[in-house]
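This report refers to the structure that appears directly beneath it.
The values are calculated or read from the model by the stated rules, or taken from the named source; none is laboratory data. Predicted, not measured: the structure shown is a model, and the values here were computed from it. Please note: Cβ atoms are built from the backbone with ideal geometry, for glycine as well, and neighbour counts cover all protein chains shown.
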């Protein structure tokens, strides 16, 4: 499991994830948090070698299981690791603001107007 110190050291050495990667990681982690250990499915051929997903896998923020129920396509079921969840927690304030809706399901602008009124 990645502790906060390990993640900070990794960020110093390798830098933060790209905004696109952070958004993917955060969105998958929210789905897992709300629904238990729910996976996000992606064709394995779209995952392997993908410049967006590969760093997430290499840095162990994401993991996956492969399923093939007799068809011609293999499905990768993506899961955020504990290290990935900790990364999301560390930057949650920043990452959550990128979403259109706040945690209550209202647009950010509407919630800010009501709070200021």
Can you give me the number of residues within the range 82-107 that are farther than 27 Å from residue 4 by Cβ and either at pLDDT 70 or above or surrounded by 12 or more Cβ atoms within 10 Å (Cβ to Cβ) (or both)?
4
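If I ask for residues that are modelled with pLDDT of 90 or more and either under 13 Å from residue 23 (Cα atoms) or surrounded by fewer than 14 Cβ atoms within 10 Å (Cβ to Cβ) (or both), which ones from the range 68-81 would you list?
80
How many residues are in contact with a helix residue (DSSP H, G or I) (Cβ under 9 Å, 6 or more places away or on another chain) and either at pLDDT 80 or above or under 20 Å from residue 94 (Cβ atoms) (or both) when one looks only at the range 28-45? It would help to see each step written out before you state the result.
Of the residues in the range 28-45, the ones in contact with a helix residue (DSSP H, G or I) (Cβ under 9 Å, 6 or more places away or on another chain) are 28-30, 32-33, 38-40, 42.
After this cut, where a residue has to be either at pLDDT 80 or above or under 20 Å from residue 94 (Cβ atoms) (or both) as well, the list is 28-30, 32-33, 40, 42.
Of the residues in the range 28-45, 7 are in contact with a helix residue (DSSP H, G or I) (Cβ under 9 Å, 6 or more places away or on another chain) and either at pLDDT 80 or above or under 20 Å from residue 94 (Cβ atoms) (or both).
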For residue 55, are the conditions met, namely being at pLDDT 90 or above and assigned to a helix (DSSP H, G or I)?
yes
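Out of all the residues in the range 78-86, is one or more part of a loop (DSSP other than H, G, I, E, B) and free of Cβ contacts under 8 Å to residues at least 40 places away in the same chain?
Of the range 78-86, the ones part of a loop (DSSP other than H, G, I, E, B) are 81.
With free of Cβ contacts under 8 Å to residues at least 40 places away in the same chain added as a condition, the list becomes none.
So far as the range 78-86 goes, no, none of its residues is part of a loop (DSSP other than H, G, I, E, B) and free of Cβ contacts under 8 Å to residues at least 40 places away in the same chain.
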Say we look at the range 20-47 and pick out the residues that are part of a loop (DSSP other than H, G, I, E, B) and without any contact (Cβ under 8 Å) to a residue 24 or more places away in the chain; which of these is surrounded by the fewest Cβ atoms within 10 Å (Cβ to Cβ)?
36
